[in-house]
Amino acid sequence: MNTLAIDKAIAKVPFLADSKNVKKIPLSGGITNLNFKIEADGRSYVIRLAGEGTDMLGIKRDVEHAANKAAGELGIAPEIMYFIEPEGYIVTRFVTGKRIMPEDIVKPDYLTRIAQKLRLFHRNAPKLKGDFNVFRRVEMLTKTAKSKGAQFPHDWDFIMKKMREAEKALLKDPYKPTPCHNDLLNLNWLDEEVAGDIGEIRLLDWEYAGMGDIFFDLGNFSHHHRLNEEQIRLFLTAYFGEMTPKHYARLRIMWPMSELHEAMWGTTQSVISTLEEDFQGYANLWFGRYRMHVTDYRWEKWLKDVAKKSK
């Protein structure tokens, strides 16, 4: 099926369909989608074949395309070369780069550059035609997962109680919907290699992009990279110019909400995906981290600090 799908996709891209010498190389790393490096006429591209059933995860391919296009123009993502419709497949420039390892990405230089990339997108990307509210998304994934008979943790009521506490506190000073990426795991960052110089950091995979809370992006990056106190201070200072108790508290509240989203993504995938992945194990890991953070002795203080009417 994959070979057939990729051949069909290539046939729909004018500058590839006419090429006499096209090479297809499968790329590893994705769980939901299939990615191929395409070499044609001395140039390289990436074609991303959207996974089946991803609409059940709330993914809208037109929003992904708009976000990736804006990010490409801002020098954040690899530029889009073509959008294959109606399938919603994206063709981008192939970036020669290397993965930024988890132990390196948390170093001051990288943290600063990443904060700047996020801020650039948050402040300059056009409005997107899709929302990303973590609380609504968890509810949406819960509904889908329950309807398909997924396994839920025994302490589900407690998990929901903590989520409601977080939302209630954050609503005392509601966020301004901002273009966000919302999926800042380590594999989505790439260090572009440029001969004899330092290249740009590139951010891949915009399928969860939407109008969201900047603190979801900041918390999402933090939990995926397990930032320590000093790294959090550096990250927030690089983003805002300072770290206030309110900034810190909003990050700390969004951190477990992002982990809960990750857990519910795994729970839903465990009943809708045809892939040979241990999605249940993935979900259990993130439920465990969520419990750890919502039972932190500082939780009540953070709930108060997030609503402060200061900056």
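Given charges of +1 on the Cβ of Lys and Arg and -1 on the Cβ of Asp and Glu, with all other atoms neutral, how large is the dipole of the chain about its Cα centre, in debye to the nearest 20? The partial results should precede the final answer.
Details: 46 positive and 43 negative charges, 212 e Å.
Dipole size: approximately 1020 debye.
Mind ordering 300-307, 179-186 by average Cβ neighbours within 10 Å, highest first? Numbers along the way, then the final one.
Details: 300-307: 16.9, 179-186: 21.8.
My ranking of the peptides, most packed first, is 179-186, 300-307.
Once amide H atoms are placed 1.01 Å from N in the peptide plane, what residues at a sequence separation of 5 or more from residue 27, or on another chain, have their amide H within under 5 Å of its amide H?
Placed amide hydrogens put 35, 36, 37 under 5 Å from residue 27.
Ranked highest first by the average count of other Cβ atoms within 10 Å around their residues, in what order do 165-175, 73-83 fall? It would help to have the intermediate numbers written out before the result.
Details: 165-175: 15.2, 73-83: 18.1.
Descending mean neighbour count gives 73-83, 165-175.
Which ³J(HN,Hα) values in Hz, rounded to whole numbers, follow from the phi angles of the range 258-266 under the Karplus curve 6.51 cos²θ - 1.76 cosθ + 1.60, where θ = phi - 60° and Gly and Pro get x?
3J(HN,Hα) across the range 258-266, in whole Hz: 5, 5, 5, 4, 4, 5, 6, 4, x.
Just to be sure I understand: of the beta bridges DSSP finds with both ends in the range 114-255, what percent are antiparallel, rounded to 5?
On the way: 8 of 9 bridges.
Antiparallel: roughly 90 percent of the beta bridges in the range 114-255.
Quick check: the angle from helix 156-170's long axis to the longest principal axis of the chain, C-alpha only, nearest 10 degrees?
80 degrees
Which value in nm describes the separation of the simple spin-label points at residue 12 and residue 120, placed 7 Å from the Cα toward the beta carbon?
3.0 nm
For the ranges 266-272, 241-247, 34-40, 214-220, what's the packing order if you count other beta-carbon atoms within 10 Å of each residue, average per peptide, and put the highest first?
Numbers: 266-272: 21.9, 241-247: 14.4, 34-40: 18.0, 214-220: 25.7.
Sorting 266-272, 241-247, 34-40, 214-220 by mean packing, highest first, produces 214-220, 266-272, 34-40, 241-247.
Once the piece of chain linking residue 62 and residue 295 is laid out straight, how much longer is it, given 0.36 nm per residue of separation minus the C-alpha distance between them? Before the final figure, lay out each step's value.
Details: separation 233, 0.36 × 233 = 83.88 nm, distance 3.86 nm.
That works out to 80.0 nm of additional length.
In whole Hz, what ³J(HN,Hα) sequence does the range 141-154 give by Karplus (6.51, -1.76, 1.60; θ = phi - 60°), x for Gly and Pro?
Karplus-based 3J(HN,Hα) across the range 141-154 equals 5, 4, 4, 4, 4, 5, 5, 9, x, 5, 8, 10, x, 5 Hz.
Give a residue-ordered list of calculated ³J(HN,Hα) values for the range 239-249 (Karplus: 6.51 cos²θ - 1.76 cosθ + 1.60, θ = phi - 60°; whole Hz; x for Gly, Pro).
7, 9, x, 6, 10, 8, x, 5, 4, 4, 5
Which of 139, 87, 103 moves the most in a Gaussian network model of the chain with Cα springs under 10 Å?
103
Given the pairs 162/301; 107/246; 162/308; 162/304; 23/69, which span a C-alpha to C-alpha distance of over 18 angstrom in this model? Present the calculation step by step, with values, prior to reporting the outcome.
Values: 162/301 14 Å; 107/246 24 Å; 162/308 20 Å; 162/304 14 Å; 23/69 25 Å.
Flagged as over cut-off: 107/246; 162/308; 23/69.
I'd like to know which of 196, 185, 132 lies farthest towards the positive end of the charge dipole of the chain, counting +1 on Cβ of Lys and Arg and -1 on Cβ of Asp and Glu.
Of the options given, the answer is 132.
Enumerate by residue number the trypsin sites (Lys or Arg not before Pro) in the range 112-160 meeting two conditions: DSSP loop (anything except H, G, I, E, B), and at most 16 other Cβ atoms within 10 Å of the site's Cβ.
Details: sites: 113, 117, 119, 123, 127, 129, 136, 137, 143, 146, 148; in loops: 127, 129, 148.
Filter output for the range 112-160: 127, 129, 148.
Every number in this text was worked out from the coordinates using simple rules, so none of it is lab data. Keep in mind it's a predicted model, so treat the numbers as computed, not measured. Note: ideal-geometry Cβ built from the backbone for every residue, glycine included; neighbour counts use all protein chains shown.
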